[in-house]
Amino acid sequence: GQQVMQIPQYQHVQEGEDFTTYCNSSTTLSNIQWYKQRPGGHPVFLIQLVKSGEVKKQKRLTFQFGEAKKNSSLHITATQTTDVGTYFCAGPEGSQGNLIFGKGTKLSVKP
Amino acid sequence: DVKVTQSSRYLVKRTGEKVFLECVQDMDHENMFWYRQDPGLGLRLIYFSYDVKMKEKGDIPEGYSVSREKKERFSLILESASTNQTSMYLCASSLDRLGADTQYFGPGTRLTVL
């Protein structure tokens, strides 16, 4: 069945270093969404990408959607301790209205 | 602001008990979802519903059932709780079925089955 894979599973960085997480789908996606879950919290929507090759920025976060609409990445420039958490990508499953989530990348930032 | 609430943040039950987890959303969303989250396994979809009285199985429906009698409320039922159902349970809702809209999550219920 349809799968969304995300790497790495864990990433430990020093504060100020950059961070990237990658998401790959087994099928072409109509859109891809990114969520962040802080420790002890629940997933919160960050952004949705729809167009092939789309790039969106939110302050230090840069999101890209691949040309083939099967992969995506989230890049954080100069990480801060407030960036700690797990980042999930998610894509629609067929036409059912539900999302398939990647397993997430857990980011820890050492001050 | 969309608000999704769950009946309990923490719950402790005994093996064999019937457990009800309730979720309410206040934004007139069509879709509602139940996930469980376990370390290293990400978010796994248990059931979802795209309309009142409608339900669809997700990836791991075994041992669970759901009820959606009103649009704003989606209940997850563990008919006979088992220790392997100890987990974090997350409810979510989204506006409509087309295009798989943004999902809004509740705070979660951490269920421990002894």
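The values are calculated or read from the model by the stated rules, or taken from the named source; none is laboratory data. Quantities reported herein were computed from a predicted structural model and do not represent experimental measurements. Here Cβ is always computed from backbone atoms with ideal geometry, including for glycine, and neighbour counts include all displayed protein chains. Accessible surface areas use protein heavy atoms only, side chains included; no ligands, DNA or RNA. Shrake-Rupley method; radii C 1.70, N 1.55, O 1.52, S 1.80 Å.
Below, the figures for the structure above:
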{"read-out": "B:Ser80 vs. criteria assigned to a strand (DSSP E or B) and among the polar types (S, T, N, Q)", "value": "no"}
{"read-out": "Single residue of region B:15-66 satisfying the filter (more than 27 Å from A:Gly104 (Cα to Cα) and of a type in the set (Asp, Glu)) that is farthest from the other protein chains (Cβ to nearest Cβ)", "value": "B:Glu17"}
{"read-out": "Residue, surrounded by the fewest Cβ atoms within 10 Å (Cβ to Cβ), within region A:45-71, restricted to residues that are more than 22 Å from B:Asp1 (Cβ to Cβ) and within 13 Å of another protein chain (Cβ to nearest Cβ)", "value": "A:Val50"}
{"read-out": "Check on B:Asp96, at the interface with chain A (Cβ under 9 Å from one of its Cβ atoms), among the acidic types (Asp, Glu) and either surrounded by fewer than 20 Cβ atoms within 10 Å (Cβ to Cβ) or part of a helix (DSSP H, G or I) (or both)", "value": "yes"}
{"read-out": "Index of the failed condition, B:Thr102 passing every other in (1) without any contact (Cβ under 8 Å) to a residue 40 or more places away in the chain; (2) open to solvent by less than 70 Å² (accessible area, probe 1.4 Å); (3) more than 13 Å from every other protein chain (Cβ to nearest Cβ); (4) of a type in the set (S, T, N, Q)", "value": "(3)"}
{"read-out": "Qualifying residue in region B:67-84 (condition: at pLDDT 95 or above, within 14 Å of chain A (Cβ to nearest Cβ) and open to solvent by 20 Å² or more (accessible area, probe 1.4 Å))", "value": "no"}
{"read-out": "Matching residues in region A:4-44 - criterion: being among the polar types (S, T, N, Q), open to solvent by 30 Å² or more (accessible area, probe 1.4 Å), out of contact with any His (no Cβ under 6 Å at 6 or more places or on another chain) and not in a loop (DSSP other than H, G, I, E, B)", "value": "A:Gln11, A:Gln14, A:Asn24"}
{"read-out": "Answer residue from region A:76-111, given it is in a loop (DSSP other than H, G, I, E, B) and open to solvent by less than 20 Å² (accessible area, probe 1.4 Å) and is nearest to A:Phe65 (Cα to Cα) among those", "value": "A:Gly102"}
{"read-out": "Residue check, A:Gly1 closer than 25 Å to B:Gly108 by Cβ, in a loop (DSSP other than H, G, I, E, B) and at pLDDT below 95", "value": "no"}
